[in-house]
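Okay, so here's the structure we're looking at.
Laboratory data are not the source of any read-out in this text; all were calculated from the coordinates shown. This is a predicted model, so every value here is computed, not measured. Glycine gets a Cβ as well: all are built from the backbone with ideal geometry, and neighbour counts include every protein chain shown.
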Amino acid sequence: VELEINKMVRVWYEPPPGGPRSHLNRGAYAASKSMEPLFVKKLASMRPSTVILPAVGLFAFISYLPLVNQKNLPVTLNPEHQAAQRAYMRYHNMNPINGISSKQARAADPDP
């Protein structure tokens, strides 16, 4: 029996059902039938904006909680320090087009 080595064969590539770089025994992007909790499966099937925006809001609120009743705020948050900072920025002409040293900002700010 003689084999033909130079014969071209047409082959059709069929990608995996979950997409490229996915395994056949689990889902591509969502939680699969493994041992994840039910809330993780529900979060994975929801739209990203309905999960990410509340999570960011929750983390922002949690990070703000220590500042709610704090008495000793940093020196840079005093009104006198902020006025001195604005005067320094104007003296050195920082951001003269649209910023603190522009004509509009100087006209709107009551500090000299």
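If we sort 83-91, 63-71, 49-57 on the protection proxy, mean other Cβ atoms within 10 Å, highest first, what's the order?
For the peptides 83-91, 63-71, 49-57, the packing ranking is 83-91, 49-57, 63-71.
Between LYS41 and GLU80, what length comes free when the chain is fully extended (0.36 nm per residue of separation minus the Cα-Cα distance, one decimal in nm)?
Full extension from LYS41 to GLU80 adds 8.8 nm.
Give me the net charge of ASN93's neighbourhood, meaning all other residues with Cβ under 13 Å from the Cβ of ASN93; Lys, Arg count +1, Asp, Glu -1.
Taking every other residue near ASN93 into account, the sum is +4.
Go ahead and run the numbers for FRET between ALA105 and TYR64, Cβ-Cβ distance against an R0 of 25 Å, rounding to 0.05.
The value I calculate is 0.30.
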